[in-house]
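In what follows, a structure is listed as structure tokens, so that the remarks can point back to it.
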Amino acid sequence: MMETSETAISANLHAVKLQKELERMEKVREVLRASDQLTQGMTGILDSFERRLASLEQTVLPVYHETGNLQRRKQNVEKTLSRFDHVISYYNVSKEVDPIIRNGPAATNTETYLMAMARLQDALTFFQSNNSQSVELENVMLLFTTGMELLNKEFNDLVSKYSKQLQPVAVLDLLEKDDGQGPPSESYVFDIPENVMLDVRLIANWLSSHNSDAYMSSYARLRAGIIVRTIQALKKHHKSRSNTSAKSSDTQSPAGLGQMSRSRADLTPLGGGRPRAPRRIASRLEKKANRMLQRAHKSLSQAGVQLGTAPSRTQQDHLEDLIDEHEVDAYLTTTSALLRLFSYELAQLTPLVPQHQLKRVFQAIIQDALDLVVRDGEAMAGRARRSIARQDFAPVLNLFPLVSHLMAMRGDFERTLQGCDPTVRNRISGIVDVLHQTCVKSLDDFMEWVMNDPDRQLPRDGTVHQRASNVVMFCDQLVEYTDTVGWMLCQHANYDIVTTSRVDKNKALLGVYIKKVLSALGQSLANASEQYSDPYLRAVFRLNNYHYILRCTQHSGLLELVSLSEPGAEGAYSTLIMEQKRLYSQSWSRVLQAMTFTEDIPSFRLDIDKLSDKEKQAIKEKFAAFNREMEELCRLQREYSIPDVQLRESLKRDNKEFVLPKYASFYDRYGSVTFSKNKDKYVRYTPAQISAMIDSFFDTAA
């Protein structure tokens, strides 16, 4: 029963649900019917809009196309009119700019003139491209050519007007003040206002940009002439100052020795006098003056020049080949000035020409001045080589400062000349090599000359040989160029040495060279001294020379250099000196022998004054022999020369210590004995008189 009831309830529920679903479906159908109605309405509206839009398009589109055509026609007309105006303007350019162009840049503003030239350039391009047969093309081309010529002329006029040769005093002032750093000042090249310089650069840039390089050639010629005249004026200034100094020296030196100097003592690149000389240069020249006067006479005498007489051809050649210090100072100053002027010219030229043309034009500017200075250097080297061939080495000493100076400047020259042709860039290196080779040859030939000097003429009095003083002087002056000489010797196969870090290699190399020279000198003098027939004069000659060499090398510092490679050099000379003193002392042997008896006379016989005739005769003969030998020795040794005061006095002192005690003993023992009725005939000299005689040794005036 209950199951039937539950089934009925379930069926009712399903029926209710079914009814609700049916109702919902009906509502959906109603919504769909409403949606269909709306869709049909919208479709109708859209169809209507489409028909109206199509109708509108058919009406408006022809109007739109017509309007576009009209706008294009208008633009074409405007472009055509504009083009006509542009073309017509080219036909009017020559007429419009003709007054500006023909009046030249000087009559108007440079920028205005260049704008006119730009218009002509445009017109020229137009006619060449579009109407090459036009008469107007000829007019424009002619006017443009005229304008270019006037621009070139204006450029040259401005450069010429404001380019001035530097006076020598200004160059020397420049070198005194210049620190070599930073860009050069334009005022050193052009004395030109800034606004004018701006015009010069504008014109140069215009000409270069329009492939006109004629201005570069004219600029190069002008500036090249300026540099050459500046260098020539500087050389002339130094020459006049040198002549003035020579005349001044003539009034203070015997027979007008003037400038004939054989020495050089200053490496400073800057030199030369002037009305307002820099303190450094004036001081240097003042210090050199005394040395120049002192050595001039010796220099001329060695050359065989007799003052007051006309020189022979050989003597004239010697004089012509002398290289005095003023000439060297002038060359040093000239090369310094040349380098700085080159730097100024390069800095001035850089903004005026295109980069690819820069070195070509710069090379044209500097070529003549560089050749001038190089020729002067080669001429000095040639004169030095001729002097070397005559075995006159003093002039070569003046080349060492040139080598040192140019070596120091070579890097700056190479940087300044970078980009130039190798033949130009290497000119300074070439002259350095020429001077270097000449100096090296002088060192080798000097060594050869010291060892094999054919002149064997010896001083009659045994004094210091001229060769010794010349050699020591030459070596002494080499010390002033230690670095330069060391650099030269370092490249020489015979001077490859090993030094410690504490020893300056250049000094050590120079010391080795000087040691070889002094060794050759000693051997040469020793060989030459064999010509003396008097062995004691031979000893005096060697003693004088060895002592002179030792003393000079000690005072000059040469011995210190030699000791770097030969520590026992001083001791060796001292040994040689002692040996020659010993040999010289043997000159007293016959005097001493005269005071020595074969058999001594007994003292008691002297005391009682009872001598046999034989003993009296022996004493007579001893005193006579002593007098004879002493007088002969005094005569000979008065002719000997010991120029060094200390050495001379030491020899006299040694002689007295060697002889006087023996003679005093001889005199005291036998001088008071009655061995002759005419004793004064035999006892001529007291010990004091013998001492005085020894004091007269080495003195021809005694």
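For the range 122-149, name all the residues that are farther than 17 Å from Asp98 by Cα and either among the acidic types (Asp, Glu) or in a helix (DSSP H, G or I) (or both).
Applying the first criterion (farther than 17 Å from Asp98 by Cα) to the range 122-149 yields 125-134.
The answer is Thr125, Phe126, Phe127, Gln128, Ser129, Asn130.
For the range 502-514, name all the residues that are over 17 Å from Gln477 (Cβ atoms) and either of a type in the set (Lys, Arg) or in contact with a Phe, Trp or Tyr (Cβ under 9 Å, 6 or more places away or on another chain) (or both).
Let us first name the residues in the range 502-514 that are over 17 Å from Gln477 (Cβ atoms), namely 502-505, 508, 512.
Across the range 502-514, the qualifying residues are Arg502, Lys505, Val512.
Can you name the condition, by its number, that Ile608 falls short on among (1) at pLDDT below 90; (2) within 57 Å of the chain's Cα centre (by Cα)?
(2)
Tell me whether the range 425-440 contains one or more residues that are open to solvent by 50 Å² or more (accessible area, probe 1.4 Å), touching a residue at least 60 places away in the same chain (Cβ under 8 Å) and not aliphatic (A, V, I, L, M). Walk me through it before giving the result.
Pass one, the range 425-440, residues open to solvent by 50 Å² or more (accessible area, probe 1.4 Å): 425-427, 433, 437.
Restricting the remaining residues to those that are touching a residue at least 60 places away in the same chain (Cβ under 8 Å) gives none.
No, because not a single residue in the range 425-440 is open to solvent by 50 Å² or more (accessible area, probe 1.4 Å), touching a residue at least 60 places away in the same chain (Cβ under 8 Å) and not aliphatic (A, V, I, L, M).
For the range 629-674, give me the residue count where each residue is touching a residue at least 24 places away in the same chain (Cβ under 8 Å), of a type in the set (D, E, K, R) and either open to solvent by less than 50 Å² (accessible area, probe 1.4 Å) or part of a helix (DSSP H, G or I) (or both).
Residues that pass the stated criteria total 9.
With (1) at pLDDT below 85; (2) open to solvent by less than 10 Å² (accessible area, probe 1.4 Å); (3) of a type outside the set (Phe, Trp, Tyr) as the list, and Leu352 as the residue in question, which single condition is left unmet?
(1)
Quick one: count up the residues across the range 98-131 that are modelled with pLDDT under 85, open to solvent by 70 Å² or more (accessible area, probe 1.4 Å) and more than 25 Å from Asp157 (Cβ to Cβ).
Residues meeting the conditions: 3.
Got a number for residues in the range 675-691 being among the hydrophobic types (A, V, I, L, M, F, W, C), open to solvent by less than 60 Å² (accessible area, probe 1.4 Å) and part of a helix (DSSP H, G or I)?
Adding up the residues that qualify gives 1.
Enumerate the pairs (first residue in the range 70-96 and within 14 Å of Phe126 (Cβ to Cβ); second residue anywhere and modelled with pLDDT of 65 or more) with beta-carbon separation below 6 Å, excluding pairs fewer than 6 apart on the same chain, so at least 6 apart or on different chains.
Listed by first residue and then by second, the contacts come to Tyr90/Ala123; Tyr90/Phe126; Tyr91/Glu136; Val93/Arg119; Val93/Ala123; Ser94/Asn139; Ser94/Val140; Ser94/Leu143.
Check Leu509, Leu559, Leu550 and return the single one that is open to solvent by less than 10 Å² (accessible area, probe 1.4 Å), in contact with a helix residue (DSSP H, G or I) (Cβ under 6 Å, 6 or more places away or on another chain) and on the phi < 0 side of the Ramachandran plot. Walk me through it before giving the result.
On the way: Leu559 fails: open to solvent by less than 10 Å² (accessible area, probe 1.4 Å); Leu550 fails: open to solvent by less than 10 Å² (accessible area, probe 1.4 Å).
The match here is Leu509.
The values are calculated or read from the model by the stated rules, or taken from the named source; none is laboratory data. A quick note: this is a predicted structure, and the numbers were derived from the prediction, not measured. Positions of Cβ are generated from backbone atoms using ideal geometry, with glycine treated the same way; all protein chains shown enter the neighbour counts. These area figures cover heavy atoms from the full protein model, side chains too; ligands, DNA and RNA do not enter into them. Shrake-Rupley method; radii C 1.70, N 1.55, O 1.52, S 1.80 Å.
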